Each structure stands twice: as structure tokens, then as C-alpha cells.
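Okay, so here's the structure we're looking at.
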Amino acid sequence: MTLKNFALIGAAGIVAPRHLKATHDIGGTLQSALDLSDSVGIIDR
């Protein structure tokens, strides 16, 4: 099994939930997420 680790920069944008779901769906692990203006709480999910 190959480990799939991801980092997401710009995690508060409109497309971020899709990227987070895709990471989960392929069995990946989100190692890091960053957005300087996370006003919508997407990272907290």
C-alpha cells in the first residue's frame, strides 16, 4: 500500500471542500492545511 499524504494551501476557498473530499475518497491523509483568511471554518471540519 502506498501512503498518500497531502497538504492543502488555500483551504478556505470555494473548491477546498471538494479537494478535502477527494483526499479522503482515495484513502489519503491530509497532513497540513493552511489559509491565512479562513473565515468560513472549512479547515475546522
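Selection over region 16-45 of residues that are surrounded by 13 or more Cβ atoms within 10 Å (Cβ to Cβ) and at pLDDT 80 or above gives a count of 9.
Condition check for Gly13 on (1) modelled with pLDDT under 80; (2) under 10 Å from the mean Cα position of the chain (by Cα): one failure, at (2).
The values are calculated or read from the model by the stated rules, or taken from the named source; none is laboratory data. This structure is a prediction, so every number in the text was calculated from the model and none was measured. Reconstructed Cβ throughout: ideal geometry from the backbone, glycine too, with neighbour counts over all protein chains shown.
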